[in-house]
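So the structure is just underneath, and the comments pick up after that.
The values are calculated or read from the model by the stated rules, or taken from the named source; none is laboratory data. Keep in mind that this is a model prediction, so the values were computed, not measured. To get the accessible areas, we keep the full protein, side chains included, count just its heavy atoms, and leave off ligands, DNA and RNA. Shrake-Rupley method; radii C 1.70, N 1.55, O 1.52, S 1.80 Å.
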Amino acid sequence: MKKLLALLCILGIAQPAMAASISTLGALNQTDFRTLSEDLGAALSYKPVTPATPLGVTGFDMGIVVTQTDMSRSSQIWSKATGGGSSISNLYIPKLQIDKGLPFGIDVAAFYSKIPTTNISLYGGELRYAILDGGLAEPAVAIRGSFTRLGGVDQLSFDTKGLDLSISKGFAMFTPYAGVGEVWVNSSANVTGQGGTALSQSFTQGKVFAGANLNLGFSNLAAEVDKTGGIRSISMKLGFRF
């Protein structure tokens with residue numbers, strides 16, 4: 001447990017120093033901006049890192065999440081967007097995430113993130129409804145609506161909305177889960193690009209994800225693999241769930 005906590009802390013602060021701040025979007029053309037927006041859509045869209053099983057009225061889940069997203073497609077574009085900073089192959093996003101159970105199989109959740117060595121902050125949330133609560137013989141099935149919004153980057157307005165369906169089945173302390181969905185991305189630069197081009201993109205990305213939750217009583221561990229628009233993200237969470 002101590003080793004995992006140390007790993008999460010390291011990942012949360014170990015953003016490469018060359019990540020830098022997004023401040024020179026005017027150096028991009030429309031194709032560059034689209035590629036960067038697609039990678040950011042995968043990185044910054046909502047990651048549940050939780051099973052479909054509802055928490056219940058007294059239920060609560062709070063944890064630290066770290067998500068790693070493959071940014072290799074836009075690696076060189078990131079360098080141009082950050083004023084000549086070094087390229088990056090992965091973006092690490094630490095988050096504080098809180099889920100709360102409500103009556104009638106409804107759960108709500110929210111998170112906040114400030115990405116180290118960048119000017120990116122991020123917040124978002126979800127509303128989830130359990131179509132099936134799950135039990136000894138049947139799985140839990142839930143539908144989720146989610147959103148995220150970028151902050152801290154003066155040159156970029158960016159938000160995502162998501163809708164997904166997930167399923168999970170508990171086996172004692174261990175609960176695997178999986179889901180599919182869609183993400184809607186709106187990305188617009190507040191500066192013009194190369195040749196005076198207005199940089200603006202709105203598009204959808206398909207989403208599939210799978211993970212597992214391990215409840216150890218006082219502490220809770222979860223891991224999730226997500227592919228949004230074909231771009232891979234891996235998330236780990238350490239927290240408390242009851």
Considering the stretch 60-177, what Rg and Dmax in Å follow from its alpha-carbon atoms? 17.7, 56
Based on DSSP H runs of at least 4 residues, each adding -39500 (n - 2.57), what is the mean residue ellipticity at 222 nm of the chain after dividing by all its residues, to the nearest 500 deg cm²/dmol? -4500 deg cm²/dmol
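Over the chain, with the other protein chains present, what is the accessible area per residue in square angstrom, probe 1.4 angstrom? Walk me through the numbers before you get to the answer.
Details: 10370 Å² over 242 residues.
On a per-residue basis, the chain sits at 43 Å².
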So what is log10(I(q)/I(0)) for the stretch 125-176 at q = 0.14, 0.30 1/Å, when the Debye sum runs over its Cα atoms only? -0.52, -1.08
Leaving out ligands, DNA and RNA, what percent of the accessible area of the stretch 17-95 is carbon and sulfur, probe 1.4 Å? 55 percent
Would you compute the Debye intensity of the stretch 186-242 from its alpha-carbon atoms alone, equal scatterers and no solvent, and pass along log10 I(q)/I(0) at q = 0.17, 0.22, 0.31 Å⁻¹ to two decimals? -0.71, -0.85, -1.11
Between their Cα atoms, which of LYS80/LYS227; LYS114/LYS227; LYS47/LYS237 are more than 19 Å away from each other? LYS80/LYS227; LYS114/LYS227
If each Cα of the chain is one equal point scatterer, what is log10 of I(q)/I(0) from the Debye formula at q = 0.10, 0.11, 0.18 Å⁻¹? -0.47, -0.56, -1.32
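Any chance you could list the semi-axes, whole Å, largest first, of the equivalent ellipsoid that the Cα gyration tensor gives for the stretch 129-223, using √(5λ)?
Values: eigenvalues 293, 46, 19 Å².
Computed over the stretch 129-223, the values are 38, 15, 10 Å.
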Rg (one decimal) and Dmax (whole number) from the Cα set of the stretch 24-69, in Å, equal 17.1, 51
